[in-house]
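Student: Pasting a structure below so you can have a look.
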Amino acid sequence: MQNPVLDITKLVLRDDMSDNASGADNQQERLSIDRIPVAIGNFLSGFALGEGSFMIVCRPRVDYRRGWKLSAAFNVSQADVTPLELFREQLRCGTIRKAGNDGWYLEVNTLGDIQSSVIPFFRRFPMVGAKPSASTCSRPRPAYSPGGH
């Protein structure tokens, strides 16, 4: 039996996926990341180091063949909404919502937005420290082999 988490991870991390037509240039997507000022990008990267996370969300769904919906997500939370608004403005994607603890969180859970904005952002503005060593944005991906360990 294949591991569904590995399946979605493989899908999420493919560099060749895009909503654009096959072979189309993603110049507009690259320019949106290239336009971010270095000081702001570095600030947001450091902010995400402390307050952010990448995750695979698993939700039970009776209408799915395997009974689970798996999706990728990036989120950042904070009591002050201002840095989250700056993050959303720079990434040009995501949703800001009120959290239950009187704080706020920015969530990007659309695969296309993660691939076209979030991952390129962290490739241009890499996090520094122990946390990013576990991030697929900052290191080569391991080879995927079904049934492997």
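Student: With the condition kept exactly as written, say whether any residue in the stretch 53-61 is surrounded by fewer than 16 Cβ atoms within 10 Å (Cβ to Cβ), more than 23 Å from G112 (Cβ to Cβ) and either of a type in the set (A, V, I, L, M, F, W, C) or touching a His at 6+ places or on another chain (Cβ under 8 Å) (or both). Before you say what the answer is, go through the steps one by one.
Tutor: Just the residues of the stretch 53-61 that are surrounded by fewer than 16 Cβ atoms within 10 Å (Cβ to Cβ), to begin with: 53, 55-61.
Checking which are more than 23 Å from G112 (Cβ to Cβ) leaves us with 60.
Still in the running and either of a type in the set (A, V, I, L, M, F, W, C) or touching a His at 6+ places or on another chain (Cβ under 8 Å) (or both): none.
Checking the stretch 53-61: not a single residue is surrounded by fewer than 16 Cβ atoms within 10 Å (Cβ to Cβ), more than 23 Å from G112 (Cβ to Cβ) and either of a type in the set (A, V, I, L, M, F, W, C) or touching a His at 6+ places or on another chain (Cβ under 8 Å) (or both).
Student: I've got another one for you. Go over the candidates F43, F54, F74 one by one and state the one that is of a type outside the set (A, V, I, L, M), at pLDDT 95 or above, within 30 Å of G103 (Cα to Cα) and out of contact with any helix residue (DSSP H, G or I) (no Cβ under 7 Å at 6 or more places or on another chain). Please lay out each step first, then the result.
Tutor: Working: F54 fails: at pLDDT 95 or above; F74 fails: out of contact with any helix residue (DSSP H, G or I) (no Cβ under 7 Å at 6 or more places or on another chain).
Of the residues listed, the single one that is of a type outside the set (A, V, I, L, M), at pLDDT 95 or above, within 30 Å of G103 (Cα to Cα) and out of contact with any helix residue (DSSP H, G or I) (no Cβ under 7 Å at 6 or more places or on another chain) is F43.
Student: For the stretch 90-109, enumerate the residues that are outside any strand (DSSP E or B) and under 15 Å from S53 (Cα atoms).
Tutor: Within the stretch 90-109, G94, N109 qualify.
The values are calculated or read from the model by the stated rules, or taken from the named source; none is laboratory data. Quantities reported herein were computed from a predicted structural model and do not represent experimental measurements. Please note: Cβ atoms are built from the backbone with ideal geometry, for glycine as well, and neighbour counts cover all protein chains shown.
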